Amino acid sequence: MANLSRRGVLAAGLGLGLAGFLPRPARAAPVAQAMAPGFEAVVAPDARLDTLHSDGRWCEGPCWVLRLGGLVFSDTRMNRMSLLREGAAAQAYRDPSNNANGNCLDAEGRLVTCEHRTRRVVREREDGSIEVLADAFEGRRLNAPNDCALGPDGAIWFTDPVFGIRQPDEGLMAEPEQAMRRVYRIAPSGRVEARIEDMDQPNGLAFAPDGQTLYVADAGAGLNPEGPREIRAYRVTPEGAAEAGRIFARLESGVPDGLETDADGRLYAACEDGVRVFAPDGTLLGRIATPTTPANIVFGGVDGRRLFITAGKAVHAVNMRAQGRGF
Ligand code: MG
């Protein structure tokens, strides 16, 4: 691309009028689609989508890991986790991954991973070995942990829908042992506590920057067309309970998957038509369009102003004006 534009400038400078004959550089269309005032503070109108990885099968669980200088992500259907440093090809990180899906860091920066195949949540120790944080509740196996998030007090929260035991290319088919699809909290003590029981298929989750609101995507319509396709918001108490669940946003089609918040408390949701961005009051500010339906998102980069998006076979990134939490 740099070469082409140099040739273009050269042609124009020589007055040869050749620019019109040169092949146009392949640039993606603008992806920022404003829907309400305030979206300009989120992303520039001319922002472009960079595709960093395109030969996956089902990319998920993006997690920015500063100490590794890159993005760890899952390819659930390839049964592999990879590390992506920009400018280089993705390299294997954990292979096989037990059909890993969502990832997050705990309060000490250790990688926490939801595994479909083994129906558990695990954490990587500093020596690279794996410890199990949760694989059962009340003596019965979990369904298939999908996504996880670090709570304000160091607890790890995770969702446990049945997708990973119902889709043969994302895990092992099985009947659920749990009567419900819950959101659980792994207390800093290690105790696994049921926290949300009024959802159909809880999927992505994210905390507001103050830790007092937990957003959870309900992707029930992914298995039942009459099921929910909504994002719920819960009040998180200092004791680690989740109360007063309410509908934050409802989608007209598709289902919400991964969620993320920024430093100003906006909510980002992987939806059928791209990444939707909501103000804390629920106003839909705009959308970051993606070529295929995205599954999950995370802020990263050295300054927290790069939004990484996993979408089907691909991992994309967009430079943002908004900044992720904790940078
Ligand atoms: Mg998910």
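The values are calculated or read from the model by the stated rules, or taken from the named source; none is laboratory data. Quick caveat: nothing in here was measured; it's all calculated off a predicted structure. For neighbour counting, all protein chains shown are included, and Cβ atoms are generated from backbone atoms with ideal geometry for every residue, glycine included.
Of the residues making up the range 211-235, just one is basic (Lys, Arg) and surrounded by fewer than 20 Cβ atoms within 10 Å (Cβ to Cβ), namely ARG235. So, ASP147, is that one at negative phi and within 16 Å of the ligand (Cβ to nearest atom) or not? It is true that ASP147 is at negative phi and within 16 Å of the ligand (Cβ to nearest atom). Any residue at all in the range 126-134 that's closer than 15 Å to ILE186 by Cα, buried (at least 18 other Cβ atoms within 10 Å of the Cβ) and touching a residue at least 12 places away in the same chain (Cβ under 8 Å)? Yes, because at least one residue in the range 126-134 is closer than 15 Å to ILE186 by Cα, buried (at least 18 other Cβ atoms within 10 Å of the Cβ) and touching a residue at least 12 places away in the same chain (Cβ under 8 Å).
Picking from residues in the range 185-207 that are among the small types (Gly, Ala, Ser) and in a strand (DSSP E or B), the one that is farthest from the chain's Cα centre (by Cα) is ALA194.
Kindly indicate whether any position in the range 16-29 is farther than 22 Å from ALA149 by Cα and modelled with pLDDT of 95 or more. No, the conditions are met nowhere in the range 16-29.
Among the residues of the range 125-145, is there at least one that is small (Gly, Ala, Ser) and touching a helix residue (DSSP H, G or I) at 6+ places or on another chain (Cβ under 6 Å)? The answer is yes; a qualifying residue exists. Please tell me if ARG181 is within 14 Å of the ligand (Cβ to nearest atom), charged (D, E, K, R) and under 12 Å from ASP257 (Cα atoms). Answer is no for this residue.
Kindly check whether there is at least one residue in the range 63-70 that is part of a strand (DSSP E or B) and within 16 Å of the ligand (Cβ to nearest atom). Looking for residues that are part of a strand (DSSP E or B) and within 16 Å of the ligand (Cβ to nearest atom), one finds at least one in the range 63-70, hence yes. In the range 76-125, the qualifying residues are those that are of a type outside the set (A, V, I, L, M, F, W, C) and without any contact (Cβ under 8 Å) to a residue 12 or more places away in the chain, and the one that is nearest to GLY204 (Cα to Cα) is GLU108.
One residue stands out in the range 279-300 among those that are within 18 Å of ALA47 (Cα to Cα) and not β-branched (Val, Ile, Thr): the one that is surrounded by the most Cβ atoms within 10 Å (Cβ to Cβ), namely PRO294.
The number of residues in the range 263-312 that are more than 14 Å from the ligand (Cβ to nearest atom), closer than 27 Å to ARG67 by Cα and either touching a helix residue (DSSP H, G or I) at 6+ places or on another chain (Cβ under 6 Å) or of a type in the set (Gly, Ala, Ser) (or both) comes to 5.
Can you name the residue in the range 72-93 that is out of contact with any Asp or Glu (no Cβ under 8 Å at 6 or more places or on another chain) and part of a strand (DSSP E or B) and, of all such residues, is farthest from TRP157 (Cα to Cα)? The qualifying residue farthest from TRP157 (Cα to Cα) is GLN91. Out of all the residues in the range 153-178, which are more than 19 Å from LEU111 (Cβ to Cβ) and either away from the ligand (no atom under 16 Å from the Cβ) or hydrophobic (A, V, I, L, M, F, W, C) (or both)? Residues satisfying the conditions are ASP153, VAL162, PHE163, ILE165, PRO168, LEU172, MET173, ALA174, GLU175, PRO176, GLU177, GLN178.
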